[in-house]
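Reading through the structure tokens given below for one structure.
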Amino acid sequence: MRIDILCLFPEMFVSPFAHSIVRRAETRGLVEVFTHNIRDFAHDRHATVDDYPYGGGAGMVLKPEPVFEAAEYVWKTTGSPGSPVILLTPAGRLFSQETAAELAGHSHLMLICGHYEGVDERVAEHLATDQLSIGDYVLTGGELAAMVVVDAVVRLIPEVLGSQESATDESHAQGLLEYPHYTRPEVYRGWKVPPVLLSGNHAEIVAWRRRQSILRTATRRPDLLDNVTLSDKERAWISESLLDRR
Ligand code: ADE
């Protein structure tokens, strides 16, 4: 996969992408990430990329010309104008594990990082194919959001994670939060690992983990349960544990 990021602060990406799984994926030739400074596509000698909003109001707006021209520059090299072009903005639809998995299936992605008060709407309407927000809060720019998206997507590209790091069990993969994990020692400061995990009974361990996932999701993220299918028995676990809590 090739990922091109159009932004105003390419230096921000150096350290996060120099480590961990993104770095490993790049070294193994599974992904290539390129950053482009939108300012390099400005037209005047002051490299102006923002301007006052029509209609008035606070803040500045990222101009359309340098953003379109940066994208066209990328397409000249990659020849793939059909692939997703994602504008990172707090006004976008909420990024999720499902969206990450969908994006991981493409061979090319372009990410556009907004800044200032906003981006000229013609970028959103005529250049971006999708607009994503990473959460209901406002960042100073789209760069951190783009890093989050790249990290979440790259680890889902086939072969990026080793078999030890499977992405099928983790939180959100099945629409539920993940069960709790324990490692040695068996007793730490008097706190014991749940005995079932030491029992060697695989079926019981699977059942315990499923129950933990469900109860944890019911407590912390009940909104997620609307999109998962649970058996009657599993629904009963939830009612019982909510009763216990009273
Ligand atoms: N830019 C500023 N805030 C953002 C957010 N929450 N998600 C994506 N891009 C952003």
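The values are calculated or read from the model by the stated rules, or taken from the named source; none is laboratory data. Not measured: the values here are computed from a predicted model. Note that we place each Cβ from the backbone using ideal geometry, even for glycine, and neighbour counts take in every protein chain shown. When the accessible area is computed, the model is the full protein with side chains, heavy atoms only, and any ligands, DNA or RNA have been set aside. Shrake-Rupley method; radii C 1.70, N 1.55, O 1.52, S 1.80 Å.
With the gyration tensor restricted to C-alpha atoms of segment 78-203, the semi-axes of the equivalent ellipsoid amount to 39, 18, 11 Å, longest first.
Kirkwood radius for segment 171-245, taken over all pairs of different Cα atoms as the inverse mean of 1/r, rounds to 13.5 Å. Projecting the Cα atoms of Pro222, Ala47, Val61 onto the charge dipole of the chain (Cβ charges, centred on the Cα centre) puts Pro222 farthest toward the positive pole. Placing dummy labels 7 Å off each Cα toward the beta-carbon, the span from Glu178 to Thr219 is 1.8 nm.
Accessible area, 1.4 Å probe, largest first: how do Ile3, Ile205 sort? Don't jump to the answer; show the numbers that get you there.
Numbers: Ile3 0, Ile205 25 Å².
Listed by decreasing accessible area, they come as Ile205, Ile3.
Longest exposed-loop-site-free stretch of the chain, with GluC sites (Glu not before Pro), DSSP loop and at most 12 other Cβ within 10 Å?
On the way: sites that count: Glu159, Glu186.
Between exposed loop sites, the widest span is 1-158.
With loop defined by DSSP as not H, G, I, E or B, and exposure as at most 12 other Cβ atoms within 10 Å, which is the longest segment of the chain clear of exposed chymotrypsin sites (Phe, Trp or Tyr not before Pro)? After excluding every exposed loop site, the longest remaining stretch is 138-246.
Quick one: dipole size for segment 2-154, taken about the Cα centre, charges +1 on Lys/Arg Cβ and -1 on Asp/Glu Cβ, in debye to the nearest 20.
Details: 10 positive and 21 negative charges, 95 e Å.
In debye, rounded to 20, segment 2-154 gives about 460.
Within the chain, antiparallel bridges make up roughly 15 percent of the DSSP beta bridges whose residues both belong there. Nonpolar atom fraction for the chain, defined as the carbon and sulfur part of the 1.4 Å probe accessible area, stands at 52 percent. Springs join every pair of Cα atoms under 10 Å in this Gaussian network model of the chain, and among Ala145, Ala203, Ala128 the largest mean-square fluctuation is at Ala203.
Taking the solvent-accessible surface of protein heavy atoms with a 1.4 Å probe, what is the per residue accessible area of segment 171-245 in Å²? Please report the intermediate quantities before stating the final value.
Working: 5470 Å² over 75 residues.
It amounts to 73 Å² per residue over segment 171-245.
Calculated mean residue ellipticity at 222 nm for the chain: -10500 deg cm²/dmol, from DSSP H runs with n ≥ 4 weighted as -39500 (n - 2.57), summed, divided by the residue count and rounded to 500.
Selection among Leu88, Phe13, Met1 by position relative to the dipole of segment 1-153 gives Met1 as farthest towards the positive end (Cβ unit charges, Cα centre).
For the Cα trace of segment 1-141, dividing Rg by the Kirkwood Rh returns an Rg/Rh value of 0.96. Computed over segment 149-209, the range of Cα coordinates on each principal axis works out to 40, 27, 20 Å, biggest value leading.
Among the helices of the chain, those built from whole DSSP H runs whose Cα atoms reach 24 Å or more along their own axis and whose mean Kyte-Doolittle hydropathy is at least -1.0 are 202-220. Among Asp136, Asp232, Asp50, which one shows the highest mean-square fluctuation when the chain is modelled as a Gaussian network with alpha-carbon springs under 10 Å? Looking only at Asp136, Asp232, Asp50, the largest GNM fluctuation is found for Asp232. Our summary gives segment 171-245 a relative contact order of 36 percent, counting only alpha carbon pairs under 8 angstrom and 6 or more residues apart. The value obtained for the chain, namely the Cα convex hull volume divided by the number of residues, is 197 Å³ per residue. Using alpha-carbon pairs under 8 Å, 6+ residues apart, how would you state the relative contact order of segment 1-152 in percent? The normalised contact order for segment 1-152 reaches 30 percent. The residue among Trp208, Leu176, Gly141 whose Cα reaches farthest toward the positive pole of the charge dipole of the chain, with charges on the beta-carbon of Lys, Arg, Asp and Glu, is Trp208. If you bin every alpha carbon distance in segment 3-66 into 5 Å steps from zero, what whole percent lands in each bin? Per 5 Å bin, starting at 0, the Cα pair percentages come out as 4, 15, 19, 17, 14, 11, 10, 7, 3, 1. Considering only C-alpha atoms, what is the centroid distance from segment 101-142 to segment 155-208, in Å? Taking the Cα centre of each part, segment 101-142 and segment 155-208 sit 34 Å apart.
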